[in-house]
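The structure under discussion appears below in the form of structure tokens.
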Amino acid sequence: MNEELYIVFENYLSNELSLEERIIFENQLQNDSDIKEKFEIYKESNQFLKTKFSPETVAFKESLKSFATESFVENKPKKGKIIQLKTFVYAIAAVFALFFGLQIFQNNSPEYGDYNQHEQAHFIERGKTIQSLKLAQEAFNNKKYKVAIVNFELVLKEYPRPEIKYFYAISLLEDNRFADSELVLNDIIKGKSIYTNTATWYLALSKLKQKDYKSCKEILLTIPTDYENYNQVEKLLKILD
């Protein structure tokens, strides 16, 4: 390995080498297949960071560069020379270790899509609301939530029943209308119907979908253990802990 090779690679890609140093390095790339191979690996990993990582992670790479520079400042290479060292290997290893660590963390974060298995809507059709209620039911069950919302709103004008509000709130949530959905869910919760606990669960899922994990957890903790789907509550709480 090349001492300070990682720093030279970085300075070359950042156009921070002098003209003379750049010419020397490019000659080495042409004549030394080992250095060329290591440079290609570094260049690919550098591009990978820029396209895949957040600004915070790119900042980490810059810190790594600074660390390497400070650690070997006393061993600054002489003109026309690139001294060999193990820093390149450790730097690349650290970068990829960080990437896989972040991937594991991201994969462990709960996702709304893991919990939005909704029950099918099934209403008893009544009077002149039959057509709109039927359309709302069919649209909801076929995951056409925008259509469901329009028809639920027509029905709710005459029949503001909890079960209709419940499916309406889920449709709003699926359409990312979080504030509207939460307004309806809170209304159901205040009404103390048989949908209270389920509405609370969906209120937590709304926060989850918005990645507000703190609020999600706080809401989950208010759901009583006798809730019929409490196993799902426990599952999500364990992931959030």
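None of the figures in this text is laboratory data; all of them are computed from the coordinates on show. Please read all numbers here as calculations on a predicted model, not as lab measurements. Here the Cβ is made from the backbone with ideal geometry for all residues, glycine too, and neighbour counts use every protein chain on show.
Taking the mean number of other Cβ atoms within 10 Å as a proxy for protection, how do you rank 25-38, 156-169 from highest to lowest?
Ranked from most to least packed, the peptides come out as 156-169, 25-38.
Here the extension length gained between Glu26 and Gln131 equals 30.3 nm, from 0.36 nm per residue of separation less the Cα-Cα distance.
Does the stretch 113-240 come out rounded, prolate or oblate by the C-alpha gyration tensor, with a ≥ b ≥ c the root eigenvalues, rounded set by a/c under 1.5 and, if not, prolate when a/b is larger than b/c and oblate if not? Don't skip to the end; give the middle numbers.
Values: a/c = 2.07, a/b = 1.78, b/c = 1.17.
Because a/c hits 1.5 or more and a/b exceeds b/c, the stretch 113-240 counts as prolate.
Close amide H contacts of Arg177 (hydrogens built in the peptide plane, cut-off under 5 Å, sequence separation of 5 or more or a different chain): none are found. Greater than 22 Å separation of Cα atoms is the criterion. Which listed pairs, Lys209/Lys235; Lys144/Lys165; Lys190/Lys235, meet it? Pairs exceeding the cut-off: Lys190/Lys235. Extension gain, Ser109-Ile239: 0.36 nm per intervening residue step, less the Cα-Cα distance, totals 46.1 nm.
Per-residue extension of 0.36 nm, minus the Cα-Cα distance of Asn141 and Asn15, leaves a gain of 39.5 nm for this segment.
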